[in-house]
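Below is one structure; the comments refer to it alone.
The values are calculated or read from the model by the stated rules, or taken from the named source; none is laboratory data. The structure presented is a predicted model; accordingly, all values stated were derived computationally and were not measured. Heads up, the Cβs are rebuilt from the backbone with ideal geometry, glycines too, and the neighbour counts pull from every protein chain shown. In case anyone asks, the SASA skips ligands and DNA or RNA and just uses the protein heavy atoms, side chains included. Shrake-Rupley method; radii C 1.70, N 1.55, O 1.52, S 1.80 Å.
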Amino acid sequence: MRPHHRLDAWSKSVDFVTEVYRRTENFPKEERYGLTSQIRRAAVSIPANLAEGAGRHSKKEFAYFLSNSQGSASELETEIIIARNLGYFDETTFARLLMELETIGRLITGLSRHVTAKPE
């Protein structure tokens, strides 16, 4: 088993990406290369950075990729808010996506604290 497969943050974020893809497939066609693409790329970036960091050899490198993953989560939150403001998400979907994203963010924060707390 690869190291990232053991991370709850990675597993939950992979599931979240699937949900994001499903929830954005009905966005207007003119958003295909705009907001739809941005949302999907930010969502994919979360587990991708977790996987890349977990595969590195030092805690410092892992912490760097955890930070990138958290940055992607913040970017995604902004894009989800914009999509809701434009009427692309109803309030129920919007609230659920933000709640799931917040959970993932907390998991990443906890993992980051764990990684940076122990000396190499």
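For T78, the solvent-accessible surface with a 1.4 Å probe is about 80 Å², rounded to the nearest 10.
Pairs of lysines in the chain whose Cα atoms sit within less than 26 Å of one another amount to 5, provided the residues are eight or more positions apart or on different chains.
On the basis of the beta-carbon distance and an R0 of 30 Å, E19 and S67 show a calculated FRET efficiency of 0.80. Each label was represented as a point 7 Å from its Cα along the Cα-to-Cβ direction; for R41 and N26 these points are 2.6 nm apart.
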